[in-house]
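Have a look at the structure below, then the notes.
The values are calculated or read from the model by the stated rules, or taken from the named source; none is laboratory data. From a predicted model like this one, the values you see are computed outputs, not experimental measurements. Glycine gets a Cβ as well: all are built from the backbone with ideal geometry, and neighbour counts include every protein chain shown. Areas reflect the complete protein model, heavy atoms only, side chains present, ligands, DNA and RNA absent. Shrake-Rupley method; radii C 1.70, N 1.55, O 1.52, S 1.80 Å.
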Amino acid sequence: MKTSAIKKAILLSVFCGIVSGVFSGCKKAPPTQRKAPEVRVATPVEKNVRRYHDLTGNTQATESVDIRARVEGFLEKVHFEDGADVQEGDVLFTIEQDVFQVNVEQAQAVLESTIAEQKRAQADLNRVEQAVKTGAVSEQEVDLKRAERDIAKAAVTQAKASLEQANLQLSYTIVTSPITGRISRRYMDVGNLVGSGEKTLLTQVVRFDPIYVYFNFSETLLTRFLKKSGETDQERRASGVKLYIGLADEDGFPHEGFIDYVDNKLDPTTGTVQIRAEFENKKRILYPGMFVRIRIPGLKETAALLVSEKAIGTDLGGKFVLTVGKNDIVERRYVIPGQLYDDMRAIEDGIKPGERYIVKGIQRARPGLPVTPKEAGTETTESVNKTADNK
């Protein structure tokens, strides 16, 4: 019995020791302080930049001509391929010439007849003028012959005009291009009667190079623009007031042109005025009727604060950047963004020079909590130096 009691005591002691060790091992270690997340910060770049205005407009051909039949006749030949480039003076169509050639010959015959009649009348006049000196004829006879001579002379003038008219009608049977440009398709096929009733539209030719862009400018911007760019279109052209356009599928504004015309009145319903710019178009990238994006740089540079576009966030309150203030505490700062210069955004209000804002690690930063800020390096400054003067 004693042996059994001793064994129980030993087992109980071992069990208690194990339990004590287990519970002592489960005690919580003292909490360690969490390290503030690391972020990259930069300060706004102070830079003189050229502000710009972004607008929209439409392209339009500098010249566009409807080619019409000016005389009536059957279309005999088409001398071009649809959509081809043509030069000024190129023959486009031939209309039957037989009738008009006959008219020319008839007019020529009439002219020759009237010239002969004029010569006869002049000879008669010369004879009576000699005869009146001897009293063989009266002054009345001289006046009559002089009138006949004048009538014959007028008939010659009329016959010459008729011949010119006949030649003109004949020339209209050869239809040529009045401008250099690109032609449309033929609207009438060979064998059709053209020129009857309203003069028949045969095709169209438009000039591609240069090309115009029309857009509307607000009254406020117009006043500012006119004061700085000159009073006349010639002065604005000479002052080099440039602007840039880009198509919907193009990056940036790769096409450079200049303003060459401002309309002489504002539209009172919209408070805008129509402006035209001219662009080189040798590669025929721009077609009449296209929608384009327009950028007009300011005439002078102005000071601006620029921050990285990637640092700007958006919530229900608007646009904001996360700044790092006293004791490295994060603050959400709402800003008024201005124009974009590649990857740098001008800030009109909401941040001051020298303040630090978070460029990288924004997702780890929380307003009201500390961070470990480190300088973002020179890439931000290099970027703005490269793009602040961007058109």
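Of the conditions (1) part of a loop (DSSP other than H, G, I, E, B); (2) at pLDDT below 65; (3) among the polar types (S, T, N, Q), SER196 fails just one. Which one is it?
So the condition that SER196 fails would be (2).
Considering ILE275, ILE312, which residue is of a type outside the set (D, E, K, R), surrounded by 14 or more Cβ atoms within 10 Å (Cβ to Cβ) and within 19 Å of PRO210 (Cα to Cα)?
ILE275
Just give me the residues in the range 338-357 being under 28 Å from GLY252 (Cβ atoms) and either open to solvent by 80 Å² or more (accessible area, probe 1.4 Å) or in contact with a helix residue (DSSP H, G or I) (Cβ under 9 Å, 6 or more places away or on another chain) (or both), in sequence order.
LEU340, TYR341, ASP342, ASP343, MET344, ARG345, GLU348, ASP349, TYR357
Of the conditions (1) closer than 27 Å to GLY83 by Cβ; (2) touching a helix residue (DSSP H, G or I) at 6+ places or on another chain (Cβ under 8 Å); (3) open to solvent by 60 Å² or more (accessible area, probe 1.4 Å); (4) not aliphatic (A, V, I, L, M), GLU141 satisfies every one except a single condition; which number is it?
So GLU141 meets the others, but not (1).
For the subset of the range 82-134 comprising residues that are more than 30 Å from VAL175 (Cα to Cα) and of a type in the set (A, V, I, L, M, F, W, C), which member is nearest to the chain's Cα centre (by Cα)?
Among them, the one singled out is ILE115.
Anything in the range 314-323 that is touching a Lys or Arg at 6+ places or on another chain (Cβ under 9 Å) and over 13 Å from ILE347 (Cα atoms)? List them, or say none.
Of everything in the range 314-323, those that are touching a Lys or Arg at 6+ places or on another chain (Cβ under 9 Å) and over 13 Å from ILE347 (Cα atoms) turn out to be ASP315, GLY317, LEU322, THR323.
Would you please name the residue that is farthest from VAL110 (Cα to Cα), looking only at residues in the range 148-180 that are of a type in the set (A, V, I, L, M, F, W, C) and touching a residue at least 60 places away in the same chain (Cβ under 8 Å)?
Applying the filter and picking the extreme gives ILE179.
If you go through the range 309-336, how many residues are more than 15 Å from LYS352 (Cβ to Cβ) and among the charged types (D, E, K, R)?
So the count comes out to 6.
Out of curiosity, is GLY181 at pLDDT below 90 and under 38 Å from the mean Cα position of the chain (by Cα)?
Considered against the rule, which asks whether it is at pLDDT below 90 and under 38 Å from the mean Cα position of the chain (by Cα), GLY181 comes out as no.
Scan (1) touching a residue at least 24 places away in the same chain (Cβ under 8 Å); (2) touching a Lys or Arg at 6+ places or on another chain (Cβ under 8 Å); (3) not hydrophobic (A, V, I, L, M, F, W, C) for the single condition TYR334 breaks and write down its number.
TYR334 satisfies every listed condition except (1).
Mind telling me which of the residues LEU193, LEU201 ends up being under 24 Å from GLU76 (Cβ atoms), surrounded by fewer than 18 Cβ atoms within 10 Å (Cβ to Cβ) and more than 37 Å from the chain's Cα centre (by Cα)?
So the residue among LEU193, LEU201 that is under 24 Å from GLU76 (Cβ atoms), surrounded by fewer than 18 Cβ atoms within 10 Å (Cβ to Cβ) and more than 37 Å from the chain's Cα centre (by Cα) is LEU193.
Does THR173 satisfy the criteria of being touching a Ser or Thr at 6+ places or on another chain (Cβ under 9 Å), open to solvent by 60 Å² or more (accessible area, probe 1.4 Å) and either over 30 Å from ILE95 (Cβ atoms) or at pLDDT 90 or above (or both)?
no
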